[in-house]
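What follows is a short report on a single structure.
Just so you know, all these numbers are worked out from the coordinates, no wet-lab data involved. Note that the coordinates shown come from a computational prediction; the quantities given were computed from them, not determined experimentally. Because the Cβ atoms are built from the backbone with ideal geometry, glycine has one as well, and the counts that use them run over all protein chains shown.
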Amino acid sequence: MSTREAARRRTRGTAVLVASILLIIGLVAWIAVLRNLSGSADFEGAGNGEEQVVQIKEGSSLSALGPELEERGIVASDGAFQTAAANNPDAGNIQPGFYRLQGKMSAKSAVEALLDPAQRITPLQVYGGATLMDINVVGGQTRFGIFSMIQSATCGEEVTPDCVNVEKLNNAAANSDPEKLGVPEWARETVAARAGDAKRLEGLIAPGEYIIDPHASAEDILSDLVTRSAKQYDATDIVNRAQVIGLSPYELLVAASLVEREAPAGEFDKVARVILNRLDEPMRLEFDSTVNYGLPSVEVATTDEDRKRVTPWNTYAMDGLPQTPIASPSIEAIDAVEHPADGNWLFFVTVDKDGTTIFNDTFEQHLNDTQRAIESGILDSQR
């Protein structure tokens, strides 16, 4: 055998040896991956009873969630979690939001918990016309306010000192720095002037659905809600539109809250025109909704005594607009004030229980229609 041929054989032998070593290393690594993905590192059961809240963010995925669950000790390994998710045909239906899980859950249990509606923290639903505080309706019904709804979302059925309850929300709304609360610049001075009164944030949380972090502080939750709402209001060009109609942006927000509480569906722009016409006269607005806002219990009808009561909101007993909004105005109500209907109306009244509303230019016409309302029984007091 020549020296050259021997060298070639040694080279081939070395190459085969290297290839074999690389193959063995690859197999070892693959076996390790298979062991991990097979769930060998996994807890047993549905958890140890120690609640942990996790968030699935908009646009996120389970592959991004797995490492966090492993790091926090909720599942034993990301691999086991990914395998469990891949084996569950419904895993693709898991929605963004906050979920209540437990420590040391089996990967299968963790995936099932993320699919269980009972473990998903209910999003906060703010409807048009909602108020910060509960409203007691004459007859026994209670309309829960935004603060109570936040408490329900963060505390669940059991209110504990650790969760964000109504008392903490009231304190943060009344006493925190308006800038830290996310109050827009055009409302900040007015809100600051009412320090100590939680109702100074009325109207600054827009209607909509919000996913809130139940472990955040009261101040942080309110800041998040107010900041997001301000962006919605600013998107309507509220600053420039207010200037066009002769109001400040905050006054426009107040007027929109009256529209939300007073106007039937489809009549927002007409009620907005009545408000602006009466302010231009000038005439007192004399809206029953502003009377009710300062009362411990409410109904459609108001009494003579109630209408004489002086409050920061009662427009029977004061000139101009209330000092704060009386509810959360929808974007539709904001738009109605920004773009009111054309008309000379100064009065309106709902004349029947079907919600038929009549708009008039003169007080004489208004009195005739008010009589129709009286005869229909819609203005009868239940007190």
| If you wrap a convex hull around the C-alpha atoms of the range 205-352 and split its volume per residue, what is the figure in Å³? | 134
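Can you bin the range 61-192 into rounded, prolate or oblate? Criterion: square roots of the alpha carbon gyration tensor eigenvalues sorted a ≥ b ≥ c, rounded for a/c under 1.5, prolate for a/b above b/c, oblate for the rest. The partial results should precede the final answer.
Numbers: a/c = 2.65, a/b = 2.00, b/c = 1.32.
Prolate shape, in that a/c is at least 1.5 and a/b is the bigger ratio.
List the relative contact order of the range 31-130 as a percent without decimals, with contacts defined as Cα pairs under 8 Å and 6+ residues apart. Kindly include the intermediate steps, with their values, before the conclusion.
On the way: 163 pairs, mean separation 35.4, N = 100.
Relative contact order, the range 31-130: 35 percent.
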| Between helix 218-234 and the chain: long-axis angle, C-alpha atoms, 0 to 90°, nearest 10 | 70
| Sequence of Tyr233, Tyr210 once ranked by neighbouring C-beta atoms within 10 Å, starting from the fewest | Tyr210, Tyr233
| Between helix 62-71 and the chain: long-axis angle, C-alpha atoms, 0 to 90°, nearest 10 | 80
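With contacts defined as alpha carbon pairs under 8 Å and 6 or more residues apart, what's the relative contact order of the range 102-248 in percent?
Numbers: 172 pairs, mean separation 34.5, N = 147.
Once normalised by length, the contact order is 23 percent.
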| request: Taking every Cα atom in the range 124-225, find the radius of gyration and the maximum pairwise distance Dmax, and write them in Å. | output: 13.4, 41
| message | Is the C-alpha gyration tensor of the range 51-119 telling us rounded, prolate or oblate? Criteria: a/c under 1.5 is rounded; beyond that, a/b larger than b/c is prolate, otherwise oblate. | response | rounded
| task | Fewest Cβ neighbours within 10 Å first, please rank Tyr127, Tyr293, Tyr316 accordingly. | result | Tyr127, Tyr316, Tyr293
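About the Cα centre of the range 179-335, how large is the charge dipole given +1 on each Lys and Arg Cβ and -1 on each Asp and Glu Cβ? Please answer in debye to the nearest 20. Before the final figure, lay out each step's value.
On the way: 16 positive and 28 negative charges, 56 e Å.
Approximately 260 debye in magnitude.
Pairs of Cα atoms under 8 Å, at least six residues apart: use those to get the relative contact order of the chain, whole percent.
Numbers: 642 pairs, mean separation 49.0, N = 383.
Relative contact order here is 13 percent.
Taking the beta-carbon count within 10 Å as an exposure proxy, list Lys308, Lys104 from fewest neighbours to most. List each step's numbers first, then the result.
Details: Lys308 11, Lys104 17.
The fewest-first ordering by Cβ neighbours comes to Lys308, Lys104.
Within the set Lys168/Lys308; Lys308/Lys353; Lys57/Lys168; Lys168/Lys199, which residue pairs have Cα atoms separated by over 23 Å? Kindly include the intermediate steps, with their values, before the conclusion.
Values: Lys168/Lys308 33 Å; Lys308/Lys353 26 Å; Lys57/Lys168 26 Å; Lys168/Lys199 14 Å.
Long pairs (Cα-Cα over 23 Å): Lys168/Lys308; Lys308/Lys353; Lys57/Lys168.
Apply the a/c threshold of 1.5 to the C-alpha gyration tensor of the chain and tell me whether it is rounded, prolate or oblate.
Cα axes put the chain in the prolate bin.
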| message | Quick check for me: using +1 on Lys/Arg Cβ and -1 on Asp/Glu Cβ, what's the dipole size of the range 124-225 about its Cα centre, in debye to the nearest 20? | response | 380
